[in-house]
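The values are calculated or read from the model by the stated rules, or taken from the named source; none is laboratory data. This one's a predicted model, so the numbers in the text were calculated from it and none came from an experiment. Here the Cβ is made from the backbone with ideal geometry for all residues, glycine too, and neighbour counts use every protein chain on show.
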Amino acid sequence: MKLYVFQVAPNPTKVRLYLSEREVSGARVEVEEISINIPEGEAKTPGFLKKNPQGQLPVLELENEIFITESLPIIEYFEEYDPQYKMFGNTSEARAISRSLERTVDTGVLIPVGMTVHATRSPIGLPPNAEVAAAGLRSARGTLEHLNALMSDGRSYLGGEEPNVADCTLAAALQFGRFGRLSLLDDLDHLAIWDERYRARPAAKNILII
């Protein structure tokens, strides 16, 4: 299998964190990681567009030349491919809670943070847009305040005492925010503690570079 990614880009980072968590837990999946340089247009070349016509990352290429796009389906594929390690959880209730949290973080933090970065310091050269940036920050801040309140009960990670995919998504979003020089955790003490804790994990140290 081949995984096409770009460092710092949030959706590839989410998948890379998930795979790193698997590896540290002793459930490594053999995947060849291939870097695609988004700013230089490598995701828009004819060869890559055959893998994903949308020209986006990540993309997982299976051995039978089937291509899986979008971060969450790729993670779910790995969950089923080798079920000895289930980061979504081992019960229907745990999986539902994990998926709910992951969707909250993805739609409420990762996407608006991406909007803000691309409207202020876009790595692909999009023009600045103050209105879009402000709207993205407002949206992300609202969800981050909700997550901060969630963490106020003393839990170590978003879903409890062990990280799940939502933690990978949030860590990826916050790293992209740091790339864009955004201050996202001001006055959010519980999330700031979570951020330090997650970034100190061996799995995160291998992936988070900002």
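What to note about this one:
- Some residue of segment 89-103 being modelled with pLDDT of 95 or more, closer than 29 Å to residue 139 by Cα and in a loop (DSSP other than H, G, I, E, B): no
- Among (1) among the β-branched types (Val, Ile, Thr); (2) over 17 Å from residue 204 (Cβ atoms); (3) in a helix (DSSP H, G or I); (4) in contact with a Pro (Cβ under 8 Å, 6 or more places away or on another chain) - the single one residue 38 does not satisfy: (3)
- When residue 115 is tested against (1) in a loop (DSSP other than H, G, I, E, B); (2) surrounded by 15 or more Cβ atoms within 10 Å (Cβ to Cβ), exactly one condition is not met: (1).
- When residues of segment 109-157 are limited to those that are in contact (Cβ under 8 Å) with a residue 40 or more places away in the chain and polar (S, T, N, Q), the one farthest from residue 196 (Cα to Cα): 120
- Among the residues of segment 129-151, some residue qualifies, meaning at least one is in the same structural domain as residue 180 (by TED's automatic domain parsing) and not in a helix (DSSP H, G or I).
- Flag if residue 80 is surrounded by fewer than 13 Cβ atoms within 10 Å (Cβ to Cβ), within 30 Å of residue 2 (Cβ to Cβ) and of a type in the set (Asp, Glu): yes
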